[in-house]
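Report on one structure; see the data block that follows.
No lab work stands behind these numbers, since they all come straight from the coordinates. The structure displayed is predicted, hence computed values, not measured ones. For neighbour counting, all protein chains shown are included, and Cβ atoms are generated from backbone atoms with ideal geometry for every residue, glycine included.
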Amino acid sequence: MPDRKGGCLCGAVRYVLNGEPQATAICHCTHCQKQSGSLFSFNLFVRESDYEQQGETRAYEDRGDSGEPSWRHFCGRCGSPVLTKVSSLPGLVLVKAGTLDSMEGLPAPQTEIYTDRAVKWLEPFAGATRFALSP
Ligand SMILES: [Zn+2]
């Protein structure tokens, strides 16, 4: 996935991913549902050093089941969720795949997490390992 570009809806926040994602995961947790306004999020686990951003995001400090903080970064102008930083995953950023400019060559999800909270009529993603909660 060389020189992969993306950004928020209005273009105030832009980024480039310089390396391959370390992992890919669908998250069905209620917080991802709320923040995305949709049924799940698709996150690319990218090394912080591979993530280059232009423009400022705002951050909402969230707390998941673990009680550990995570920071959900979004565009302060258009509200697009762009990435999440999780305290238990230092050195990684979780980029919201829906903000990529192009989905061509996008890797498929390797895992699905919080499937307990997934909407019941949604079929499992082929080839993805499912976790009822967090792995
Ligand atoms: Zn924006």
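With charges only on Cβ, +1 for K and R and -1 for D and E, what is the dipole size of segment 4-130 about its Cα centre, in debye, rounded to 20?
300
So for the pair L106, L133, with labels modelled 7 Å out along Cα→Cβ, what separation do we get in nm?
2.9
I'd like the Karplus ³J(HN,Hα) series for segment 75-87: coefficients 6.51, -1.76, 1.60, θ = phi - 60°, whole numbers in Hz, and an x wherever there's a Gly or Pro.
Along segment 75-87, the couplings run 6, x, 9, 9, x, 4, x, 10, 7, 10, 10, 10, 5 Hz.
Restricting to DSSP H runs of at least four residues, report the calculated mean residue ellipticity at 222 nm for the chain, -39500 (n - 2.57) per run over all residues, nearest 500 deg cm²/dmol.
-1500 deg cm²/dmol
Check cross-link reach from K96 to the lysines: straight Cα distance under 22 Å, and skip same-chain residues fewer than eight apart.
Leaving aside lysines fewer than 8 places away in the same chain, those within reach of K96 are K5, K34, K85.
Extension gain V16-E123, at 0.36 nm per residue separation less the Cα-Cα distance, in nm?
In short, 35.4 nm is gained.
Once the Cβ-Cβ distance between D116 and C78 is put in as r, and R0 is 30 Å, what FRET efficiency do you end up with, to the nearest 0.05?
Plugging the Cβ-Cβ distance into 1/(1 + (r/R0)^6) gives 0.45.
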